[in-house]
Structure formats: C-alpha cells, structure tokens
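Asker: Next up is a structure, given as structure tokens.
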Amino acid sequence: MTQFVRNAWYVAGWSRDFGAALRPLEITGEHMVLYRASDGRVIALEDRCPHRLLPLSKGKRIGDTVQCGYHGMTFGTDGRCVRVPGQENLPASAYVAAYPVEERHGIVWVWPGEPEKADRDAVFDMPELADPSWHVHQGDALHIRAHYLNVAENLVDPAHVSFVHPTTLGNAASENVPVHVSTSGAVITAWRWIRDAEPIGFFKAFGGFSGNVDRWHYYHLHLPSTAVIDFGSADAALALAEEDRGQGVRIFAIHFVTPVNADETVDHWMHVRNTALGDEAASAQMDAMFRVAFAEDKEILEAIHVSEARPQRRKPVRIAIDKGPNVYRKRIRDLVEAEATEDLGAPVAPSFIQHD
C-alpha cells in the first residue's frame, strides 16, 4: 500500500507559479488542474472530465470556468458542471472534485483529502515568515525520483550530513558527535552541537568564518512532511548557550515535501535568515550552495529508491541514529490507517459486552 496521508495540506507551488494558464499537477496520486481565477484565488479541480475522462488541463478556460477539450462540458470553480453542449439538463453526476486551497506567505497549499476536514488553521506557519527582522527567500522546486517517506526522513537525520555533504553542510568533525532525538511532541526533533570545530564550507563562504566555530543543527519534522532545519554557526570564543544561538549566523532551511506518487517527490525549499537582510546577492550565493548540497541528497535518495525496488534476501539493518525516522514512519502508518477506516462512535444498545 502506498503510504499517503491525504487529509493534510501539501505545497502545490509558490504563488508565482500560478496564473491564468491551466497547470496540471499530481499530489498524493491525485491528478489536479490549478489556475488563478479573476478574483485572485487559486482554484484546484480534478484533472479528469467525467464524460470521456480527458484531463481538463487539455481543455481551455472560458472566464473562470474550464471547458473540456473533447466535447465541451464546462465546469465552474466549485467543480460543478455549468454547461453540456447540445442539451439543457445538467446531470447530477457531471462534476469534478474541487480541492481546498490556502495561499499565504507566497505559498500555495492544497488539501487532497476529504474537503470537509480541511482545517485552514493547520497550514504550516512560523513567526519568522512575517517578522521583518528575518529575511525570507524562496528557492527552487527539487524533483526527486524517490518515495516521499525517504525524502522526509532524510530531513530528520543530522547524522547523514557528515558523509553526504562533506564540503557543503558538513565535515568530518561531526561524524561521532551524538545526535539527540525528541519524539514526545507532535513535532519530531533531532539535533546536535559541534563545538570548537572548523567551519563547514557553507559558513566559510557565507558567514565569513575562518577560525573555529560552534555550530548546530536542529531538525524539526512536522507531519506529514514539512521539515524545518535550524542551523548556524558562531565564533567558538563566544561559547554560546543553545538558547542564545540567535546571536550567531542562524538560518532556517524549510523543506515542503510533496508526494507526487509512489515514485516521485517534489521538495519546495526556501530559507529564512537573521543576517544580510534585503541582500539579494547573498540570497543568490546561498541558493547556489543549497543547490549543490540538495543535489547530493537527490543522488543518494534516487539510488536508494532504485535499490529498494530490487529483491532483498534479508531485512534492512536499523541502527541508533534511526530513532527519529522510525517514529516518523510509525506515525505516518497510524495516520494512513486512521484514514482507511471510519469511526462510527460509541455503539447504541450494543449486542456485545466488553470486559477489558
């Protein structure tokens, strides 16, 4: 079974990605067509005409409606059919699903599950995105040929950084530094500090550090698949306490991991920083470094995806650093199972009596 949590908000793209044109997307195996209506709202409809099943994205817009390119059936922004050429009556079954959409901070979110369960207060947010003392910069959409669970759990795993990103986001100094993990709350967190060590390539280039630094990684994984990585560096002579890391060069790298299908994932990534405010040259410099690092992740994750599809003679090994990913997988399984069944509530006049 493909483990998709559908009753959740997923990033469809940046606000700049959506205009008047019909744009087809696949999210959790659901094929959608998105466009921006005349009132500015982004509309998300099922990308399949109920007549002969041609994708609506192959049709055209007429005002705010979408006309199928095969026989002209036309659908409004709520998914209801508003015209069937050649007949007056509109069959009740002539509709397409309309998906809830939320847009904020220049990000477009879509809810592929049951519309009545879409809680707009549950859309991911963080104070820094609206705080003028932080610089917010949107990056790219990284397409990865891998299952989204592998992509997401990579983002709650500080231990891989030393080996996958030895010249960009990590170095050998952190190989044996213990990783702390907390799974008691709704957000899974893994973190570690590397004290009095050579700065990594990223902060040599961006932070300008030449002497030893104290650096940190805090990986926060919000279900189902949004990761916030709080990382940074400070001069080792400052000996900053953990709660004072805002005095150093601090960056939040945010990854919105969107499952496309069982074999594809899109990672929309951005960053929020406490330095070089308003400096777009600094943003471009950081983008270039992030692209190198994330390409390293992409290579690893795509190779794992291919390997997982091959027959295995024995079970994969799990080691101490897998605590966060293991808890994450279990929580996803629980959410998927909960969506697969319907709770009818407490029975009325039951024909059985339970004693435990």
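Asker: Regarding the range 65-73, can at least one residue be identified that is of a type in the set (G, A, S), in contact with a helix residue (DSSP H, G or I) (Cβ under 8 Å, 6 or more places away or on another chain) and either buried (at least 16 other Cβ atoms within 10 Å of the Cβ) or in the same structural domain as G113 (by TED's automatic domain parsing) (or both)?
Answerer: Yes, some residue in the range 65-73 is of a type in the set (G, A, S), in contact with a helix residue (DSSP H, G or I) (Cβ under 8 Å, 6 or more places away or on another chain) and either buried (at least 16 other Cβ atoms within 10 Å of the Cβ) or in the same structural domain as G113 (by TED's automatic domain parsing) (or both).
Asker: Given the structure, is V177 assigned to a helix (DSSP H, G or I) and farther than 22 Å from G76 by Cβ?
Answerer: Here the answer is no, as V177 does not meet what is asked.
Asker: For the range 259-295, give me each residue that is surrounded by 19 or more Cβ atoms within 10 Å (Cβ to Cβ) and among the acidic types (D, E).
Answerer: Once the filter is applied, which keeps residues that are surrounded by 19 or more Cβ atoms within 10 Å (Cβ to Cβ) and among the acidic types (D, E), the range 259-295 yields only D267.
Yes/no matrix, rows are residues, columns are (1) in the same structural domain as E175 (by TED's automatic domain parsing); (2) loosely packed, with under 10 Cβ neighbours inside 10 Å:
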{"residue": "P311", "(1), (2)": "yes, yes"}
{"residue": "K315", "(1), (2)": "yes, yes"}
{"residue": "R318", "(1), (2)": "yes, no"}
{"residue": "G324", "(1), (2)": "yes, no"}
{"residue": "A338", "(1), (2)": "no, no"}
{"residue": "A349", "(1), (2)": "no, yes"}
{"residue": "F352", "(1), (2)": "no, yes"}
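Asker: Failed condition for P132, given (1) surrounded by 15 or more Cβ atoms within 10 Å (Cβ to Cβ); (2) closer than 30 Å to P199 by Cα, with all others met?
Answerer: Just one mismatch for P132, condition (1).
Asker: Separate question: Go through the range 232-250 and report how many residues are crowded, with 23+ Cβ neighbours inside 10 Å and either acidic (D, E) or under 30 Å from V110 (Cα atoms) (or both).
Answerer: Summing the residues that are crowded, with 23+ Cβ neighbours inside 10 Å and either acidic (D, E) or under 30 Å from V110 (Cα atoms) (or both) in the range 232-250 gives 0.
Asker: Within the range 229-246, track down each residue that is touching a Leu at 6+ places or on another chain (Cβ under 8 Å) and under 30 Å from V260 (Cβ atoms).
Answerer: Within the range 229-246, I229, F231 qualify.
Asker: While we're here: I want to confirm something. Restricting to the range 13-64 and keeping residues that are among the acidic types (D, E) and either touching an Asp or Glu at 6+ places or on another chain (Cβ under 9 Å) or not assigned by TED's automatic domain parsing to the domain that holds P85 (or both), which single residue is surrounded by the fewest Cβ atoms within 10 Å (Cβ to Cβ)?
Answerer: Taking the candidates together, the pick is D39.
Asker: Can you find even one residue in the range 108-125 that is buried (at least 16 other Cβ atoms within 10 Å of the Cβ), of a type in the set (A, V, I, L, M, F, W, C), in the same structural domain as H31 (by TED's automatic domain parsing) and more than 19 Å from R6 (Cβ to Cβ)?
Answerer: no
Asker: What pairs can you find where one residue is in the range 76-92 and over 27 Å from V42 (Cβ atoms), the other is hydroxyl-bearing (S, T, Y), and their Cβ atoms are less than 9 Å apart, with a gap of 6+ or different chains?
Answerer: That search, which allows pairs on different chains as well, returns P85/T74.
Asker: Right, another one. More than 13 Å from W134 (Cα to Cα), aromatic (F, W, Y) and part of a strand (DSSP E or B), is that true of F256?
Answerer: Criteria met by F256.
A quick yes/no check of all residues on (1) assigned to a strand (DSSP E or B); (2) touching a strand residue (DSSP E or B) at 6+ places or on another chain (Cβ under 8 Å):
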{"site": "G69", "(1), (2)": "no, yes"}
{"site": "D78", "(1), (2)": "no, yes"}
{"site": "R83", "(1), (2)": "yes, yes"}
{"site": "N89", "(1), (2)": "no, no"}
{"site": "A92", "(1), (2)": "no, no"}
{"site": "V108", "(1), (2)": "yes, yes"}
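Asker: Kindly check whether there is at least one residue in the range 335-347 that is touching a residue at least 60 places away in the same chain (Cβ under 8 Å) and farther than 14 Å from L223 by Cβ.
Answerer: No, there is no match, as no residue in the range 335-347 is touching a residue at least 60 places away in the same chain (Cβ under 8 Å) and farther than 14 Å from L223 by Cβ.
Asker: Of (1) aliphatic (A, V, I, L, M); (2) touching a residue at least 40 places away in the same chain (Cβ under 8 Å); (3) not in a loop (DSSP other than H, G, I, E, B), A146 satisfies all except one. Which?
Answerer: (3)
Asker: Another question, then. Limited to the range 202-215, what total is found for residues that are surrounded by 18 or more Cβ atoms within 10 Å (Cβ to Cβ) and over 26 Å from the mean Cα position of the chain (by Cα)?
Answerer: The qualifying residues number 4.
The values are calculated or read from the model by the stated rules, or taken from the named source; none is laboratory data. All values derive from a computational prediction rather than experimental measurement. FYI the Cβ positions are ideal-geometry reconstructions off the backbone, even for glycines, and counts take in every protein chain you see.
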